1. Identify the single condition in (1) of a type in the set (S, T, N, Q); (2) part of a loop (DSSP other than H, G, I, E, B); (3) in contact (Cβ under 8 Å) with a residue 12 or more places away in the chain that Ser111 does not satisfy, given that it satisfies every other one.
2. Sort out which residues of the stretch 121-134 are crowded, with 18+ Cβ neighbours inside 10 Å and not β-branched (Val, Ile, Thr), and write them in order of number.
Amino acid sequence: MRRLVPALLAVPLLALAAPASAAPGGFEVVTASGVFGSAAPAFTYQPDLVPAGATARVFAASAPELGTSVTLLVTGLRADREYGAHAHTRPCGASGADAGPHYQKLVDPVSPSVDPAYANPENEIWLDLTTDRTGTGIGATHVGWQFDTDRRAGSVVVHETHTHTDPGHAGTAGARLACLNVTF
């Protein structure tokens, strides 16, 4: 619970900190939630690790001068386990591949991106988490940028492992276990 409270406060605090001079429409709040199953908005691809009936919630807030804060809260996953999670370019689908690659502010010209110059927590939205004994976990991040108005992420994908950072493997986190549609 000690980790949960500060992370959940990150989004409302960003809202309070938004400067009064921010252009109308410059401040954005996005929320999404779903129960993992076999249909939108939340798909599970490996029910042994993300059981049908587990839940996910995403809270995101951004402002031009402050960047973007994103929090992912999951319940009902396997207890005491590490998971990776990232914003992906497209919405979820019947296959984990439907969500496309990780959203990157500066897009790597090589795909899949495993170069740490592009696949890193400052250029992507990384929400790695570790579940507690009840299967609840929270991942949170802050980046110094907002999503482009003409190019936004479409989902958050839960992966098999925490995200790797070493060259040739940067940004990888194993299999795609589950996906939640998020209209960033």
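No lab work stands behind these numbers, since they all come straight from the coordinates. Everything numeric here is computed off the predicted structure, so don't read it as measured data. Backbone-built Cβ (ideal geometry, glycine too); neighbour counts: all protein chains shown.
1. (3)
2. Of everything in the stretch 121-134, those that are crowded, with 18+ Cβ neighbours inside 10 Å and not β-branched (Val, Ile, Thr) turn out to be Asn123, Glu124, Trp126, Leu127, Asp128, Leu129.
Okay, residues lined up against (1) assigned to a loop (DSSP other than H, G, I, E, B); (2) surrounded by fewer than 23 Cβ atoms within 10 Å (Cβ to Cβ); (3) touching a His at 6+ places or on another chain (Cβ under 9 Å):
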| position | (1), (2), (3) |
| --- | --- |
| Trp145 | yes, yes, no |
| His162 | yes, yes, no |
| Thr172 | yes, yes, yes |
| Leu177 | no, no, yes |
